[in-house]
Amino acid sequence: MVTTFDDIAQALARCVPTLLGDDYRIRAAVALILREGPGGLSMLFVERAARAGDPWSGDLGFPGGKVEPDDDSPLQAAQRETREEIGLDLGGGCYLGRLSDIAGAHLPVRVSCFAFGVYDPPPFMLSHELRDAFWVRLADLFAPERHVTASVRFNGENLDRPAILLPPASKPVLWGITYRFVMQFAELVRGKCHGSSNTVKA
């Protein structure tokens with residue numbers, strides 16, 4: 001198991017990410033944020049607020065959102081969205097690298113993911129779009145017993161999807177695009193550059 005930000009940066013640098021070109025899909029960007037602590041590295045997740053008409057209503061994910069015309073790059077969009085959603089300025093952290101882009105199979109989106117390490121982050125200031133933000137230790141995130149097939153509801157349908165049961169137990173399961181980024185991250189830090197499919201279900 002990796003133990004430092006340097007370990008993560010070196011693992012990401014060993015693999016060239018697959019980037020998706022411009023097309024009809026909405027471009028979005030998210031931030032995979034890590035912090036060091038007594039229990040090892042932890043990853044930040046946000047829980048979306050329940051909102052009618054939002055396909056990600058109530059889901060778990062990373063801070064992020066749509067790349068706007070004023071954004072110079074998807075990286076800048078991920079940093080801006082993180083400031084707007086949780087009040088965290090990633091300019092004071094450590095940029096670690098980029099994962100391969102992922103395209104949604106049922107939603108017209110293509111998402112870029114950028115990894116950061118932060119030191120002693122201040123308390124979060126959540127926007128109205130979020131219900132919660134919380135840390136999960138990588139040791140818990142990658143524990144085999146937490147990786148399951150779960151029934152999730154998307155666009156009015158019940159679907160069986162690969163998922164992770166995150167602590168605390170009251171949280172929804174982690175699945176979909178964020179799940180696939182987490183699994184891609186796990187492969188990269190274990191030295192596997194072949195990654196996983198860039199097309200995900202939901």
The lone exception for residue 127 - which of (1) loosely packed, with under 15 Cβ neighbours inside 10 Å; (2) touching a helix residue (DSSP H, G or I) at 6+ places or on another chain (Cβ under 7 Å); (3) not aromatic (Phe, Trp, Tyr) it fails: (1)
Residue 10 vs. criteria under 17 Å from the mean Cα position of the chain (by Cα), over 18 Å from residue 130 (Cβ atoms) and surrounded by fewer than 16 Cβ atoms within 10 Å (Cβ to Cβ): no
Residue within region 86-94 that is charged (D, E, K, R) and more than 16 Å from residue 32 (Cα to Cα) present: no
Meets criteria (touching a helix residue (DSSP H, G or I) at 6+ places or on another chain (Cβ under 9 Å) and in contact (Cβ under 8 Å) with a residue 24 or more places away in the chain) for residue 36: yes
Residue that is modelled with the highest pLDDT [pool: residues in region 148-161 that are surrounded by 17 or more Cβ atoms within 10 Å (Cβ to Cβ) and not aliphatic (A, V, I, L, M)]: 161
Selection count, region 133-144, where residues are surrounded by 15 or more Cβ atoms within 10 Å (Cβ to Cβ) and either under 16 Å from residue 170 (Cβ atoms) or out of contact with any strand residue (DSSP E or B) (no Cβ under 7 Å at 6 or more places or on another chain) (or both): 6
All positions within region 145-169 that are in contact with a strand residue (DSSP E or B) (Cβ under 6 Å, 6 or more places away or on another chain) and charged (D, E, K, R): 146, 160, 161
Qualifying positions in region 152-191 - under 13 Å from residue 58 (Cα atoms), assigned to a strand (DSSP E or B) and either in contact with a Phe, Trp or Tyr (Cβ under 6 Å, 6 or more places away or on another chain) or free of Cβ contacts under 8 Å to residues at least 60 places away in the same chain (or both): 152, 153
All positions within region 125-142 that are among the acidic types (Asp, Glu) and in a helix (DSSP H, G or I): 140
Any hit, region 23-39, residues being in a loop (DSSP other than H, G, I, E, B), of a type in the set (Gly, Ala, Ser) and surrounded by fewer than 14 Cβ atoms within 10 Å (Cβ to Cβ): yes
Elements of type strands (runs of 3 or more DSSP E) contained in region 54-118, each with 2 or more residues being touching a Ser or Thr at 6+ places or on another chain (Cβ under 9 Å) and crowded, with 17+ Cβ neighbours inside 10 Å: 102-104, 109-118
Any chance residue 202 is under 15 Å from the mean Cα position of the chain (by Cα), at pLDDT below 95, in a loop (DSSP other than H, G, I, E, B) and under 18 Å from residue 61 (Cα atoms): yes
Residues located in region 74-102, provided they are under 28 Å from residue 193 (Cα atoms) and at pLDDT below 95: 91, 93
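The values are calculated or read from the model by the stated rules, or taken from the named source; none is laboratory data. Predicted model, so just to flag it, every value in this text is computed and none were measured. Every residue, glycine among them, receives a Cβ derived from its backbone with ideal geometry; neighbour counts consider all protein chains shown.
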